Every structure is written in C-alpha cells, then in structure tokens.
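Right, one structure below, let's go through it.
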Amino acid sequence: MNSLQEQIRTLKTQFDHDLNAATSAQELEAVRVAFLGRSGHMTHCMTQLKTLSLEEKQAIGPLINELKSMMAEQCDQKKAALILALAEQANLKKKQFDVTAYLPQPYRGTKHIYSTFIEQIETIFISMGYTIADGPELETDYNNFEALNIPADHPARDMHDTFWISDVPNMLLRTHTSPIQIRSMKAQQPPLAVAAPGRVYRNESVDASHGFLFAQIECMFVDKNVSMAHLLATAKTFLQQLFEKKDLEIRVRPGYFPFVEPGVEIDATCPFCTTGCSTCKKTRWIELLGAGLIHPNVLKACSIDPNIYSGFAFGMGLERLAMLKYGINDIRLFHSSSIHFLNQF
Ligand code: FA5
C-alpha cells in the first residue's frame, strides 16, 4: 500500500478519535482546523498527491476528497449535536430548583396567649352561669383599697405598692382585680355571679415568676346563704375544667386578705404528677387561689346588707395559671413580643 494511503487511514482513525473527544465548540473547531484547515493534515495530503504518478493520483485523489467531505460533514453534525446539548442543559438549569432554598413565608398574626387563655377561662365561667365584668386599670384609692377593707394605714397596703397618678389625687394603677367586686356590687343588687379578668400593676422587681404588670381573674358570687361549700365547689369545678382533669383535688389553708373573712389559700393537686415532680417541688400540691367569704364591711360599703346576703370571692394570677397549664418557665415571655414564643399558641 502506498504510504499516502496509509497516512490517510491513520488520519481517519485519528480524526474519529479527536472528534469523539471534543466536548465544546472550541475543541470541535480546533479539530476542524487541524484536519481541514489551510495548513491542516488534509491539505498536507493534497500537497503530497502532486508528487505521485498519474495513476496513483487517480486512485488516491478521490479518496482524499471523499475523506475531506466526510470529515466536514461529521464536524457539522457534531456542532449541531453540541448546540442541542447546550440548549438542553440551559433548559434543565432553568427547571432545576434548590430543595434546600429558604422560601420566605408571610407572617400571619395569631391571637396572643393572653387573649386565648382569657377566652378559655371566660368560657368556663359562662358555662357555670357567670357574667363577665370589666373595670378600669386606672382606679380610685377607694375601690382598690378603702372599700375592700384596706384603710390608708393598713399594713396590707405594703404588699400592694403601686404607681400613683401624680396630677390626680387618690388615683392609682389598680393592684388587683378585686375593685371589680366593688364596682359590680355597687352596680347591681344580689344575686350576683361575676368573673372579671384584667391587667394589674405592682411596684415589684421582676423575675421569672414576678412581673410589675400582670393579669388576674376575679370570681365573685353573692346571694342569700352563700357558704364556704359553694366557694370550694366552684373553685374545684373551675380548676378541673381548666386543667381538663376530672380527678383534680383541692386543699384549703388559712390565708389572710382584709376583704374576706374567713380568708383561705386554695391549692390543687399537681396536674402533672401523682407522686411529686419539679413543677410541684415534690409536694404534689400547687398554690393557686386566694379566696374567702366576702367581709361584711365590704358588703356594707356596697350597700348590701350582710345580715341578708353573703358571698364568696377568689382571685388568681393569669400568667401563673397559663405557665402551669402550658409549661412556660418565665413570666417575662408574655411581654417579650418573641415571635418564637407567641407562635406556639
Ligand atoms: C390578691 O391580689 C387578691 N386580690 C386575691 C383575692 C381575691 C383573694 C378575692 C381573696 C378574694 P395576691 O396578692 O395573692 O392576692 O395575688 C393573687 C395572685 O396574683 C397570686 O396568687 C399570683 O398568682 C398572682 N401574682 C401576685 N403577684 C404577682 C406578680 N408580681 N407577678 C405575677 N403574678 C403575681
């Protein structure tokens, strides 16, 4: 075989290999120039053809031309294939999405735990026949203290240090919801069954279980022959419903509040255990309510005859109840505006 023929064969194999290896338009162009360019391998073959005899020229010339056209055609086909692959890749990229990408969600407001919890408590009292009452946070000294049997020099005032309004004499931010007892009894003669949630203020240092602004719920019932038995049955039913525990029990200890006589503190069995846990500090009991039978002086201050009527009242801290029910460990969270905290309710 003529050496040029051999060279053509080798070039064909080399071309196939290089074409196959080209993965971009630039690499393909380099292959094309190397084989079909002005100083490429095929031009070199044509130059060598000139040195051959006529017969050889007639035999090999068409082979070279055939190979050149085949190479050109294959280069064009490969170019078209590469363009198509690139377009497909771009299209795929557009369709691809990042599963780890953060999709911002619009923030939706929810009810504050205060509102939700007060609604729950109101629903329980309404189901027991109570009406819901309200009173102003800015109260008179009379309603907050005097009418509740706490005169100006009474030591109980020390525990209710509060914020006074400097320009208006005898006005203060109420220290408890008990003044709503006075407002309700003055507005309506017995029988009277009232529950009243509301914000209260005390000049106290703040920690995980104390706020200077917190909420209380007052419950009061006045009628003829109201006794301690009514108080205990009502408190127990309320707590059983609030904590959704039918077997919740209560116990009563003596307690002092100037506006009730006798005064008691009511504890409930721990809603979370039967043998003692960290919530009840291993005692099985949790202190929940201040309560008692309404003092005759308070009834008199509201023009209700204590010889005909009697009543009970109890009060409790709303945050402390919610903390217990939902396992919240810091009262400051209620006013923190922390979305992370609020979103849980
Ligand atoms: C009273 O305020 C009485 N008015 C309750 C009452 C009503 C007694 C009717 C008798 C008859 P006391 O000061 O204990 O009581 O407060 C009642 C509840 O408020 C407490 O048991 C506690 O849960 C909550 N509380 C008191 N101080 C704070 C505070 N600084 N931060 C958060 N909660 C508090």
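What to note about this one:
- Being within 21 Å of residue 177 (Cβ to Cβ), away from the ligand (no atom under 12 Å from the Cβ) and in a loop (DSSP other than H, G, I, E, B) holds for only one residue in 308, 304, and it is 304.
- Residues in the stretch 143-172 that are out of contact with any helix residue (DSSP H, G or I) (no Cβ under 8 Å at 6 or more places or on another chain), assigned to a helix (DSSP H, G or I) and open to solvent by 50 Å² or more (accessible area, probe 1.4 Å): 155, 158, 159.
- Residue match in the stretch 275-282 (condition: in a strand (DSSP E or B) and not charged (D, E, K, R)): no
- Against the numbered list (1) over 14 Å from residue 290 (Cβ atoms); (2) within 11 Å of the ligand (Cβ to nearest atom); (3) buried (at least 21 other Cβ atoms within 10 Å of the Cβ), residue 200 comes up short only at (1).
- Some residue of the stretch 287-302 being under 30 Å from the mean Cα position of the chain (by Cα), open to solvent by 30 Å² or more (accessible area, probe 1.4 Å) and under 22 Å from residue 118 (Cα atoms): yes
- Tally of residues being over 30 Å from residue 201 (Cβ atoms), touching a residue at least 12 places away in the same chain (Cβ under 8 Å) and basic (Lys, Arg) across the stretch 237-256: 2
- Considering the stretch 220-232, and only residues there that are more than 8 Å from the ligand (Cβ to nearest atom) and outside any loop (DSSP other than H, G, I, E, B), the residue that is nearest to residue 118 (Cα to Cα) turns out to be 221.
- Residue in the stretch 134-142 that is assigned to a loop (DSSP other than H, G, I, E, B), surrounded by fewer than 16 Cβ atoms within 10 Å (Cβ to Cβ) and in contact with an Asp or Glu (Cβ under 9 Å, 6 or more places away or on another chain) present: no
- Within the stretch 173-208, the set of residues being in a strand (DSSP E or B) and modelled with pLDDT of 95 or more comprises 173, 192, 193, 194, 195, 196, 197, 198, 199, 200, 201.
- Against the test of being of a type outside the set (A, V, I, L, M, F, W, C) and touching a Phe, Trp or Tyr at 6+ places or on another chain (Cβ under 7 Å), the options 136, 151, 190 yield a single qualifying residue, 190.
- Selection over the stretch 311-345 of residues that are part of a helix (DSSP H, G or I) and either on the phi > 0 side of the Ramachandran plot or open to solvent by less than 40 Å² (accessible area, probe 1.4 Å) (or both) gives a count of 10.
- Residue within the stretch 247-270 that is modelled with pLDDT under 90 and within 29 Å of the chain's Cα centre (by Cα) present: yes
- Pairs, first closer than 20 Å to residue 133 by Cβ in the stretch 309-332, second open to solvent by 30 Å² or more (accessible area, probe 1.4 Å) and among the small types (Gly, Ala, Ser), C-beta under 9 Å, six or more apart: 310/227; 312/227
The values are calculated or read from the model by the stated rules, or taken from the named source; none is laboratory data. It should be emphasised that the depicted structure is a prediction, and the values quoted were computed from it without experimental measurement. No Cβ is skipped: glycine too gets one built from the backbone with ideal geometry, and neighbour counts run over all protein chains shown. The protein model used for the area step is the full one, side chains on, heavy atoms only, and it has no ligands, DNA or RNA in it. Shrake-Rupley method; radii C 1.70, N 1.55, O 1.52, S 1.80 Å.
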